[in-house]
Amino acid sequence: MGKLTNKLQEAVKKLSYSTTVDQLKRKGIQKVNVVGLDRIVALIEAAVHRTLKARMAGLETAEMCGEIAGQTRDEFLRLLHSNESLEKAHQEMHGEKSALEEQVALLRTELQTVQGKLASRESQLAREAKVQAAEEDQHLHEEIHGLLAQRGMDDERTRGLVQEVFGLVRGHLEVERTRVTEARRKEYQTEVELLNRRLAKLNGALAATEDQLQRVMKAKTLHPGLPSVYKKVQGLDSHDSLFAKKTELMESIFEANLRLRREIA
Amino acid sequence: MSGNMDTSEPAGADQTPMEGSAVEGATDKEHGVLYVGVDMGTSRTSVSASNGVRETLASVVGYPKDVVARKLLKRDVVFGDEALEKRLSLNLYRPLEHGVLKSGDEHDGDKNLEAANALLRAAVAMCRARKDELVYAVIGVPAQASIHNKRSIIDVARESVDSVMLCSEPFAVAYGLDMLEDALVIDIGAGTTDLCRMHGTMPEDSDQITLTYAGDFVDRELSAALEQSCEGAQFTLGMVKATKEKYSFVHGQEEPVIVDFPVAGKPQPFDITKDLLESCKKVVPPIVEALGRLVGSFDPEFQHKLRSRVLLAGGGSQIRGLDRAIEDEMKTTLGGGTVIRIEEPIYGGANGALKIAHDMPEDFWEKLK
Ligand SMILES: Nc1ncnc2c1ncn2[C@@H]1O[C@H](COP(=O)(O)OP(=O)(O)O)[C@@H](O)[C@H]1O
């Protein structure tokens, strides 16, 4: 069982946890019993042997002993192995998850800076456009006015006409201006959208990894359970010195429970 | 007590040795019977199972107070000592106590039932039963548990085990020690001390007395005494309880008990020896008085036997020298008696329930499935 001993040692190591003297002190522990790893492994081995021996009473062919010992070892190694691979998958998944988280965080900041930059650029452009438009309007107004004045139409009566013409031209101008702004906005909107799509994709990957991680963790906590020492329902041992009394008590406990079930039904 | 008798050599002729087929993981439940003994106390819930598992947790269930708390705790429900630790962000329930300790809504009896469910589920989960084994459980409940509580316990238990029976907790303690006849059990818990007379048949109401002279009572008495004697000391009932659990005694204390309490934020030593002794001692006379009542109303021929087999159990019985103090008091007021301290006060009920489960015949389990 040399290989088993090594494996056991590893397993016990994995089961143990580290603590410091200070931590123990804080818990109010002054003295600890120290048991060496070898000793623990030896104890487990001894226990296995003892159990086997106890169970072998009556069927002590060496062949059978060997078979059962083999099966036990295989089962143990299988459990150990499945635990190891789970552990590994768990670690890998953790690594993957933190890498993804990092990427997502990075992308988020990138998106934020780009969005911030775009927003300030946009507002700057809007401000500039406003000033420019006002200047243009002013200029246009003057030009129309000048044109009419050249033709000697510079009096009270033409003032309304100037306004009318100006309004008409300005309307067309406004449409053109909006188109230009929209085109410009679209240009950086595409940039933002691209970043957003990348972010969504990474977020999806992160969620999937988290899901997987959760599944692995669940599998890890899905303990196969500890087997009972009994294979069958036992009942009172007929050799029990208080057999009669206990039989009576079992009956009355059962009846009390039956009554309780009826009461709450 | 003889510890967990079920994990020692498997007794009984039906014990099948490890068969080749048993090694393969089969899904039908033909590969074992796991017996589980549960002690659902008002303050602690303990389990003891025929696979060697022994666990205990405080009978407290906590639900996060709000979204922030839930995010922080990363869980929808927290149990036992952890719940007590994180009580500031939880609504706490002690489902086996009457009513609700703390909650947002005062009328949520349903929440209390839900907490009882959660607690029992957690207790059964601690047994780590294999999926392919039949699980038969006996649950010891406080003598004063309401029918409402019992129904809830049965309902939940049936979800997680194959068959379940309830029994009175002090009875389970006595059964675990094979003291079925002419014995008296004193089970000192947090809220109550339950006394139970064993005379060979199931104890009836007239065999049981419930007193409120128990752990919480000592905490309150000690707290009041310390408030008088430790001037300026700042402490909570929780601190007093922890101090009691560490130093309590009624006999055999030679060195003074000195503890630190903060005074204006700075820890200062206080000698609490006398207060501790006197507060702990206060439970003795009422307990012995109740013992006297149970003895006095018993068949005179067997009264002497009853007095000589008084079992001391429960977390609150861990006060040092309590067995001796009760004996002394019995000597003066009842003319003598012998008190036997059970070896594992915390697991006495669970171990006894486990033994009952083991001894219960198969057809009874079948009928209650
Ligand atoms: N070492 C100790 N000394 C004195 N009292 C103790 C000690 N440990 C626990 N207790 C007290 O035991 C009580 C709980 O006992 P337990 O049997 O667990 O209660 P219940 O049966 O009500 O669930 C509490 O009041 C607790 O303070």
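The values are calculated or read from the model by the stated rules, or taken from the named source; none is laboratory data. Bear in mind that the values here come from a model prediction, so they are computed numbers and not experimental data. Here the Cβ positions follow ideal geometry from the backbone for every residue, glycine too, while neighbour counts run over all protein chains shown.
Summary table below
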| read-out | value |
| --- | --- |
| Among the residues listed as B:Ala157, B:Ala145, the single one being at pLDDT 80 or above and aliphatic (A, V, I, L, M) | B:Ala157 |
| Single residue of the range B:128-175 satisfying the filter (more than 8 Å from every other protein chain (Cβ to nearest Cβ) and in a loop (DSSP other than H, G, I, E, B)) that is farthest from the chain's Cα centre (by Cα) | B:Asp132 |
| Residues satisfying the stated conditions in the range B:299-337, i.e. surrounded by fewer than 23 Cβ atoms within 10 Å (Cβ to Cβ) and touching a strand residue (DSSP E or B) at 6+ places or on another chain (Cβ under 7 Å) | B:Phe302, B:Lys305, B:Leu306, B:Arg309, B:Gly315, B:Arg320, B:Gly321, B:Asp323, B:Glu327 |
| Any chance B:Asp260 is more than 14 Å from chain A (Cβ to nearest Cβ) and more than 13 Å from the ligand (Cβ to nearest atom) | no |
| Segments classed as helices (runs of 4 or more DSSP H), wholly inside the range B:310-369, with at least 3 members that are under 20 Å from B:Val36 (Cα atoms) and within 16 Å of the ligand (Cβ to nearest atom) | B:348-359 |
| Scope the range B:326-347; condition aliphatic (A, V, I, L, M) and over 22 Å from the mean Cα position of the chain (by Cα); matching residues | B:Met330, B:Leu334 |
| Residue in the range B:197-214 that is within 16 Å of the ligand (Cβ to nearest atom), outside any helix (DSSP H, G or I) and surrounded by 23 or more Cβ atoms within 10 Å (Cβ to Cβ) present | yes |
| Qualifying residue in the range A:226-246 (condition: in a helix (DSSP H, G or I), touching a Gly at 6+ places or on another chain (Cβ under 8 Å) and at pLDDT 75 or above) | yes |
| Residues located in the range B:347-369, provided they are in contact with a Ser or Thr (Cβ under 6 Å, 6 or more places away or on another chain) and either under 23 Å from B:Asp178 (Cβ atoms) or at pLDDT 95 or above (or both) | B:Tyr347, B:Ala350, B:Asn351, B:Leu354, B:Trp365 |
| Any chance B:Glu55 is within 14 Å of chain A (Cβ to nearest Cβ) and within 14 Å of the ligand (Cβ to nearest atom) | yes |
| Only listed residue being outside any helix (DSSP H, G or I) and either in contact with a Phe, Trp or Tyr (Cβ under 7 Å, 6 or more places away or on another chain) or exposed (fewer than 11 other Cβ atoms within 10 Å of the Cβ) (or both), chosen from A:Gly116, A:Gly152 | A:Gly152 |
| Residues (of a type in the set (S, T, N, Q) and surrounded by 13 or more Cβ atoms within 10 Å (Cβ to Cβ)) located in the range A:89-113 | A:Gln103 |
| Every pair of residues 6+ apart whose Cβ atoms lie under 6 Å, when the first sits in the range B:115-137 and is within 23 Å of B:Lys367 (Cα to Cα) while the second is basic (Lys, Arg) | B:Asp132/B:Lys29; B:Leu134/B:Lys29 |
| Cross-chain or 6+ apart pairs with Cβ under 6 Å, the range B:191-205 first and more than 11 Å from chain A (Cβ to nearest Cβ) and closer than 16 Å to A:Leu249 by Cα, then assigned to a loop (DSSP other than H, G, I, E, B) and away from the ligand (no atom under 16 Å from the Cβ) | B:Cys196/B:Pro203 |
| Lone qualifier among B:Leu226, B:Leu237 - being more than 14 Å from every other protein chain (Cβ to nearest Cβ), within 11 Å of the ligand (Cβ to nearest atom) and of a type in the set (A, V, I, L, M, F, W, C) | B:Leu237 |
| Qualifying position, being surrounded by fewer than 23 Cβ atoms within 10 Å (Cβ to Cβ), more than 11 Å from chain A (Cβ to nearest Cβ) and either modelled with pLDDT of 90 or more or part of a loop (DSSP other than H, G, I, E, B) (or both), among B:Asp187, B:Asp182 | B:Asp182 |
